[in-house]
Every structure is written in C-alpha cells, then in structure tokens.
1. How big is the shadow of the Cα convex hull of segment 1-133, averaged over all directions, in nm²?
2. Gain in length, Arg118 to Thr90, computed as 0.36 nm per residue apart minus the alpha-carbon separation, to one decimal in nm?
3. Roughly what would the spin-label model give for Glu100 and Ala75, points 7 Å off Cα along C-beta, in nm?
4. Pulled fully out, how much extra length does the chain show between Glu127 and Asn41, if you take 0.36 nm times their separation in residues and subtract their Cα-Cα distance?
5. What GluC sites (Glu not before Pro) in segment 13-110 are in a loop by DSSP, with at most 15 other Cβ atoms within 10 Å of the Cβ?
6. State to the nearest 20 debye the size of the charge dipole of segment 1-159 about its Cα centre, where the only charges are +1 on K and R beta carbons and -1 on D and E beta carbons.
7. Can you give the log10 of the normalised intensity I(q)/I(0) at q = 0.12, 0.16, 0.20, 0.28 Å⁻¹, computed with Debye over equal Cα scatterers of segment 1-71?
8. Cut-off under 22 Å on the C-alpha distance; same-chain residues fewer than 8 positions from Lys160 excluded. Which lysines are left, in chain and number order?
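A short reminder: the numbers here are calculations on the coordinates, not readings from a lab. It should be emphasised that the depicted structure is a prediction, and the values quoted were computed from it without experimental measurement. We place every Cβ from the backbone using ideal geometry, glycine too, and count neighbours over all the protein chains shown.
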Amino acid sequence: MAQHTTSLTPPIFNGEQYHMWAIKMKTFLGRKGLWQYVEENKQPPVLGPNPTLNQIKLHEEEATKVPRALSHIHAAVIELVFTRIMAYETTKEAWDKLKEEFGGSDTTRNMHVLNLKREFEMLKMQESESVKEYVDRLMNVVNKIRLLGEEMTDKRIVEKVLVSLPERFESKISSLEDSKDLSQITLT
C-alpha cells in the first residue's frame with residue numbers, strides 16, 4: 001500500500017499566497033500535535049522535585065516538540081523567506097513574523113477584503129457560461145474572502161447565484177420559488 005508523502009512533509013511557502021499556506025501549515029502542525037507550540041508558545045511542563053520515570057519521559061517527549069515545531073516551520077519556507085525568520089528562537093516568534101510580513105496589516109487586509117467583496121458583487125454570469133463555471137468563478141472570490149477571515153454565508157452566495165442567472169434559467173428559478181423556501185436552497 002502506497003503512502004502519501006504529502007502528510008510527511010510540510011507545505012512549502014515561497015512568499016506568495018500566505019493565507020492558503022498558513023491554513024495548510026496549521027493543519028500539518030495540528031496533525032503532528034505541534035500547533036499549540038505556535039499558537040500559545042507552549043513550553044514543556046517543569047519537572048518537580050523527585051520526578052517519576054513517567055514524568056521524566058513525558059517531559060522529554062514534550063521538550064522535543066518545541067524545537068520540532070520550529071524546525072517544521074524552517075523546513076516549510078524557501079531560503080529567501082527563511083532568512084527573515086532564522087534569528088527567532090521560538091516557533092511563535094517565527095510564525096508571527098511571517099504573519100506580519102506576508103499576511104499584511106489589518107488595514108491592508110481590510111482593503112483586500114473590500115476589493116474582493118466589490119468583485120463578488122460585480123460578478124455576473126456570462127451568456128456562454130455554464131452555471132458550474134459561474135459558480136466556480138464566484139467561489140474562487142468567496143474563498144479568498146474567507147481566507148482573509150471574513151464571513152460569507154452560503155445563503156448569501158445562493159442569493160447571488162440566483163440573481164445572476166440569465167433569463168434562460170427563469171423558468172427553473174420560478175419552479176424553485178414555487179416548490180421551496182429559497183432560504184432552504186443550498187449551494188450544492
């Protein structure tokens with residue numbers, strides 16, 4: 001049985017599409033039980049006096065996770081990006097530096113969200129386009145908005161699709177309106 005090597009190696013960040021990489025990296029580190037060392041800057045528990053063998057073993061296991069989390073982040077970036085974080089000693093510091101530099105400031109993020117929302121509102125289905133092609137274009141914009149931390153409900157997306165359909169779909173929309181409450185229609 002062949003194993004997927006993607007689960008063994010972290011996603012590589014080349015300086016572009018930070019938000020997508022960050023989600024993949026969070027999942028990768030979470031699967032390895034290391035995300036808490038990024039998010040909380042967690043440190044291994046301090047050994048008390050006269051520790052048991054189990055306590056020593058647990059402490060050693062936890063102590064190896066701290067540098068392992070940082071090592072995974074180092075391995076997940078190209079050299080040009082690595083030079084920006086190589087001086088940081090904790091995983092949280094390195095992660096926060098990447099977020100600050102590539103994730104953009106709140107102002108930049110908010111402007112990007114605003115531009116994407118405008119693009120969402122302006123999208124129209126072309127006469128020569130299938131519904132699937134239109135929904136794919138629409139979801140591309142929606143997913144970019146969601147990656148930036150903004151909420152966009154499925155109900156709003158369904159409304160946008162229904163409003164944007166050309167006249168050739170009018171009879172199908174009418175039958176939907178007659179048979180169902182529009183708020184119950186899913187994007188699928």
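1. Working: hull surface 55.6 nm².
Spelled out: convex hull of the Cα atoms, projected over all directions, averaged, 13.9 nm².
2. Working: separation 28, 0.36 × 28 = 10.08 nm, distance 3.90 nm.
Net length gain for the segment: 6.2 nm.
3. Roughly 2.7 nm, to one decimal.
4. Working: separation 86, 0.36 × 86 = 30.96 nm, distance 5.28 nm.
Value of the extension gain: 25.7 nm.
5. Working: sites: Glu16, Glu39, Glu40, Glu60, Glu61, Glu62, Glu79, Glu89, Glu93, Glu100, Glu101; in loops: Glu16, Glu40, Glu89.
Sparse-neighbourhood loop GluC sites (Glu not before Pro): Glu16, Glu40, Glu89.
6. Values: 22 positive and 23 negative charges, 54 e Å.
The calculation lands at about 260 debye.
7. Those come out to -0.44, -0.68, -0.89, -1.25, one per q.
8. Here the lysines satisfying the reach criterion relative to Lys160 are Lys117, Lys124, Lys132, Lys144, Lys172, Lys180.
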